[in-house]
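A short reminder: the numbers here are calculations on the coordinates, not readings from a lab. These numbers come from a predicted model, not from an experiment. As a convention, Cβ positions derive from the backbone with ideal geometry for all residues, glycine included, and neighbour counts pool all protein chains shown.
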Amino acid sequence: MMKTLKEQLYLTLDKGMESGRLEPGLVLLEGNIAELFGMSRSPVRQTLRQLHDEGKVSRFDGRGYLVGDSPAEVIRRPITSEDIKNLGELSNVERQDSWVVHAEAIERDIVLCSMKGSFELNELKLARVLDVSRTITHRILLHLQSIGVLEKVKYSSWRVVPLDDDRLHNLYEARRQLEPFMIGCATTRIPKEDISNYIDKLEHASAKYPHVSSELLDELENDLHGDAVSQGGNQEISNMLSRARPILLISKHLLGSSIELPDNDPFFDEHRWIFERMLEDKPREASQALEEHLTRSESKVLDRLAHFRREGQVAIPSYLKAADK
């Protein structure tokens with residue numbers, strides 16, 4: 001019987017630790033592992049929790065887990081494809097890692113251009129620019145289509161979906177209808193330890209603000225609007241919400257780069273309030289708090305979008321061209 005992706009991940013990490021390639025004391029981070037294997041954070045979190053329950057990894061005063069039960073030191077470095085090469089059934093990690101790395105850069109180009117107007121993408125030109133196979137290129141484009149930033153037009157031609165004010169409002173309206181329901185359901189499903197970890201991360205980021213990276217901001221956004229919401233137990237709704245991803249991508253690619261971080265943290269207190277209601281087993285209050293948070297968020301993101309349209313500069317990559325009027 002074919003093993004699930006989570007089972008394959010478990011075997012690969014377990015063999016990596018047994019072989020010593022993943023050395024005692026090495027920090028294992030959800031984000032690093034999820035990106036390396038090209039999967040979502042949820043199966044990664046479940047796998048790390050299983051390894052922890054078995055005593056193969058341990059918690060410490062920091063993010064993630066440490067290899068080993070009680071290692072003598074903490075080793076901070078990202079896991080790479082070389083660490084786990086030929087260890088298990090996920091031997092195609094190098095191919096997966098390749099498309100994920102490219103997808104991040106292409107995503108940024110497309111999202112920034114979508115805020116400026118209508119563009120078309122040529123798949124053949126993109127493959128040449130990246131110097132990768134058509135298979136990898138197509139996988140990148142299918143991923144970007146799944147999160148609502150691209151639409152297929154015809155053979156080798158794609159359309160960047162413009163992110164105008166009307167679309168922004170419609171996406172927020174969809175989120176207000178769906179996310180509060182999902183977070184209410186998730187309140188009774190998510191382990192309390194995970195909710196506490198979300199709150200701890202927010203507290204840590206709040207203490208460091210504004211000296212936080214855009215990567216951390218995106219991770220904190222996804223803790224609530226991605227991972228926590230996805231544990232509401234309805235995959236069909238999760239699939240629908242994936243199309244609202246462009247809203248989060250606005251802040252991901254603008255805050256701290258094209259637009260300065262606001263004087264006060266952009267969402268930490270509101271996220272923390274929602275998680276605290278979940279920790280208290282109050283699904284109705286958590287749902288209401290999330291709905292109110294989304295309503296306030298819309299006006300903030302609309303302002304960022306307007307500011308970027310007025311003053312932001314975008315270098316149009318060669319694989320994109322302005323769409324005909």
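At 222 nm, what helix-only mean residue ellipticity would the chain give, in deg cm²/dmol to the nearest 500, using -39500 (n - 2.57) for each DSSP H run of four or more?
Value at 222 nm, helices only: -18500 deg cm²/dmol.
Among rounded, prolate and oblate, which fits segment 215-325 when a ≥ b ≥ c are the square roots of the eigenvalues of its C-alpha gyration tensor, a/c under 1.5 means rounded, and a/b larger than b/c means prolate?
prolate
Size of the dipole of segment 243-325 about the Cα centre, Lys and Arg at +1 and Asp and Glu at -1 on the beta carbon, nothing else charged, in debye to 20?
620 debye
What do you get for trypsin sites (Lys or Arg not before Pro) in segment 163-203 restricted to DSSP loop and a cutoff of at most 14 other Cβ within 10 Å of the site's Cβ?
Here the sparse-neighbourhood loop sites are Arg189.
Please give the charge dipole size of segment 101-169, origin at the Cα centre, charges +1 on K and R Cβ atoms and -1 on D and E Cβ atoms. Round to the nearest 20 debye.
Dipole magnitude for segment 101-169 comes out near 300 debye.
³J(HN,Hα) across segment 121-128 via Karplus (A = 6.51, B = -1.76, C = 1.60, θ = phi - 60°), whole Hz, x for Gly/Pro?
Per residue, the Karplus-derived 3J(HN,Hα) values read 10, 9, 4, 5, 5, 4, 4, 5 Hz.
When ranked by the protection proxy of mean other Cβ atoms within 10 Å per residue, highest first, what sequence do the peptides 135-146, 240-251, 304-315 form?
With the highest mean Cβ count within 10 Å placed first, the list reads 240-251, 135-146, 304-315.
Taking square-rooted eigenvalues a ≥ b ≥ c of the alpha carbon gyration tensor, is segment 62-213 rounded, prolate or oblate, where a/c under 1.5 means rounded and, failing that, a/b exceeding b/c means prolate?
oblate
Using the Cα centre of segment 245-325 as origin and beta-carbon charges of +1 (Lys, Arg) and -1 (Asp, Glu), tell me which of Asn264, Tyr319, Ser251 is placed farthest towards the positive end of the dipole.
Tyr319
Given 0.36 nm per residue, what is the gain on full extension from Asn264 to Ser299 after removing their alpha carbon distance, in nm?
Using 0.36 nm per residue and subtracting the Cα-Cα distance, I get 11.0 nm.
Among the listed pairs Lys6/Lys125; Lys56/Lys192; Lys56/Lys252, give every one whose C-alpha distance is greater than 27 Å.
Lys6/Lys125; Lys56/Lys252
Is the shape of segment 140-187 rounded, prolate or oblate, going by the alpha carbon gyration tensor and its root eigenvalues a ≥ b ≥ c, with a/c under 1.5 for rounded and a/b larger than b/c for prolate?
oblate
Taking the mean number of other Cβ atoms within 10 Å as a proxy for protection, how do you rank 20-30, 292-302 from highest to lowest?
20-30, 292-302
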